[in-house]
Amino acid sequence: MSAQIRFFEQVNRNFDRAAAFLKYPKGLLDQIKACNSVYHMVFPLRRDDGSIEVVHAWRAEHSHHKLPVKGGIRYAATVNEDEVMALAALMTYKCAIVDVPFGGAKGGVRISRWKYSQSEVERLTRRYTFELVKKDFIGPGIDVPAPDYGTGPQEMAWIADTYTALTHRELDSLACVTGKPLAQGGVRGRKEATGRGVYYGLREACSYAEDMRRLGLEPGLEGKKVVVQGLGNVGYHAAKFLQEGGAVIVGLAEYEGAIYNPKGLDVDAVMAHRAEKKSILNYPGAENIDQTRLALELECDILVPAALENQITKENMGRIKAKIIAEAANGPVTSEAAEFLVKNGKMIIPDMYLNAGGVTVSYFEWLKNLSHVRFGRMGKRFEEKVNTQILQAVEKLTGKKFPGEIFKQIAHGPEELDLVNSGLEETMISAYQQIREIRKKHKDKIDLRTAAFINAISKVAVAYEELGIFP
């Protein structure tokens, strides 16, 4: 992250812009904006060769207006306190926007993941968990981490196991962390949730003919040209679902470079090529772009930055050709660049809304862990039986039979994945409608990010007002 651009400052600048439209007391707004607590820990790690390395790590809890607080843990060489605080703040606002009853938090460990063996990462993860337990910074009703950049289900399983061992196997201990493997209490659909949420959010945003007309576009995703920066978990699934939804993926970018084909790229074929060649470059039929950030400047309708923060800045904002910038990553557009792009007629779908699919499905996983029952287990067969009876009644009344495959599809009772995806779709659609309605109330003179902040600040403010000040 550039030393000139403090991430937390960017978040607060956007907060202040939205707060100017609200009439809450300054003291209350200052409380909402402030980061409640930050724990900077330093601990030793014994490497496989016997040497000892000192590791720096953080956990920030931004807001306690709702408990537990929620946010991922990232392993990256660039992790610092400012970044963790900013991401924790975004989690507070993100949860409020999608009506998930959590405060915001974030964690980070400053390591280059690829330099460490699996056993070293396990020792590091378990020690980090111990530090969190020691300071009461983790627990099903306190602070619930999740995966982020550089972490995944395996790290979450180690966290859950360590927490359980240290807390005398409390009944709800698996709810101390989300994003776990299925066998350890995870939920189906969690891995692809953020990318799927990006798809649902973009589909909803593009469904309004009035909004698309302003951009010179037709409503719907069908045929829209898309560039995706970042092919990690979020970027890959966003690209995959957008392609399945009718969009044309014309550009894909990763750290080694980017590829472009105005006629379209097959996302899964590109991923297979990268797995074989260890690079997306030299994909058949595509043009190579050696500098990956130049992919942001490609000709397209929708640009999806799905990598790290501060990708579109003062330096390159004037060369962005996309009409819609969909922030799948956290903070990929600086506040200065965002202001410039909006003034120049671009639509920015903000990160705090668009990438909320992960925390939404994490919420479902947390609920599953607290209830100790798989979604669909209680109702699937009952619904199948009722649907079957209705279909049979229709057949009897009409004297005609449904084709076998259609009968099965209609009678099907929902599995866990069906219910998770349905809940995510409902969340992303209703949240966008709330944001859009706020923008309309302001005569479309504010952008979607400001509308999203107004929505989030209002919800958090109401919670604080109702709770009161203690003592």
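Read-outs throughout are calculated quantities, based only on the coordinates presented, and are distinct from any laboratory measurement. As the structure is a computational prediction, the values presented were derived from the model and not from experiment. Neighbour counts run over all protein chains shown; Cβ positions are idealised from the backbone, glycine included.
Which links in Lys94/Lys443; Lys225/Lys443; Lys106/Lys368; Lys94/Lys459; Lys94/Lys441; Lys380/Lys408 stretch past 19 Å when you go from one Cα to the other? Don't jump to the answer; show the numbers that get you there.
Values: Lys94/Lys443 24 Å; Lys225/Lys443 29 Å; Lys106/Lys368 22 Å; Lys94/Lys459 11 Å; Lys94/Lys441 21 Å; Lys380/Lys408 13 Å.
Among Lys94/Lys443; Lys225/Lys443; Lys106/Lys368; Lys94/Lys459; Lys94/Lys441; Lys380/Lys408, the Cα-Cα distance tops 19 Å for Lys94/Lys443; Lys225/Lys443; Lys106/Lys368; Lys94/Lys441.
Take 391-399, 377-385 and order them by the average number of nearby Cβ atoms within 10 Å per residue, most first; the result is 377-385, 391-399.
Helix-only estimate, please: 222 nm mean residue ellipticity of the chain, summing -39500 (n - 2.57) across DSSP H runs of length 4 or more and dividing by its residues, to the nearest 500.
Values: 16 runs with 213 residues, N = 471.
Helix-only estimate at 222 nm: -14500 deg cm²/dmol.
May I ask for log10 I(q)/I(0) of the range 37-184 at q = 0.11, 0.13, 0.19, 0.20 Å⁻¹, from a Debye sum over the Cα atoms as equal point scatterers with solvent left out? Per q value, in the given order, log10 I(q)/I(0) is -0.37, -0.52, -1.13, -1.25.
Taking the average, over residues, of other Cβ atoms within 10 Å as the packing measure, peptides 39-47, 85-93, 257-265 rank 85-93, 257-265, 39-47 from highest down.
Considering the zone a paramagnetic label at Glu210 would reach in this model (a point 7 Å from Cα along the Cα-to-Cβ line), which residues of the range 406-449 have amide N under 17 Å from it? Correct set: 432-448. Here the scattering of the chain is modelled by Debye summation over its C-alpha atoms, one equal scatterer each and no solvent; at q = 0.11, 0.12 Å⁻¹ the log10 of I(q)/I(0) is -0.93, -1.10.
Within 10 Å, count the other beta carbons around each residue, average over each peptide in 335-343, 21-29, 97-105, and list them highest first. Before the final figure, lay out the partial values.
Working: 335-343: 18.3, 21-29: 13.0, 97-105: 23.0.
The most tightly packed comes first, giving 97-105, 335-343, 21-29.
Comparing Ser335, Pro101, Ile289 along the charge dipole axis of the chain, the residue lying farthest to the positive side is Pro101, per the Cβ-charge model.
The alpha carbon centroids of the range 265-329 and the range 79-117 are separated by 24 Å. One chain, two ends: Ile469 and Glu53. Fully extended at 0.36 nm per residue, the span grows by 145.4 nm beyond their Cα-Cα distance.
By other beta-carbon atoms within 10 Å, ranking Glu244, Glu61 with the fewest at the front produces Glu244, Glu61. For the range 37-184, the antiparallel share of DSSP beta bridges with both residues in that region comes to about 60%. Of the residues His442, Ser422, Phe453, the one whose Cα sits farthest towards the positive end of the charge dipole of the range 396-471 is His442 (charges of +1 on Lys and Arg Cβ, -1 on Asp and Glu Cβ, taken about the Cα centre).
Using the number of other C-beta atoms within 10 angstrom as an exposure proxy, rank Asp172, Asp148 with the fewest first. Working shown, then result.
Details: Asp172 14, Asp148 21.
Final ranking by Cβ density, sparse to dense: Asp172, Asp148.
For the chain, a crude dipole built from +1 on the beta carbon of Lys and Arg and -1 on the beta carbon of Asp and Glu, taken about the Cα centre, is about 580 debye to the nearest 20. Within the chain, antiparallel bridges make up roughly 50 percent of the DSSP beta bridges whose residues both belong there. Label-to-label distance, Lys396 versus Glu276, with points set 7 angstrom from Cα along the beta-carbon direction: 5.7 nm.
Here's the list of aspartates and glutamates a cross-link from Lys440 could span, going by alpha-carbon distance under 12 Å and ignoring same-chain residues fewer than 8 apart: Glu210, Asp211. With one equal scatterer per alpha carbon and no solvent term, the Debye-computed log10 I(q)/I(0) for the range 222-363 at 0.15, 0.19, 0.20 1/Å reads -0.68, -1.09, -1.20.
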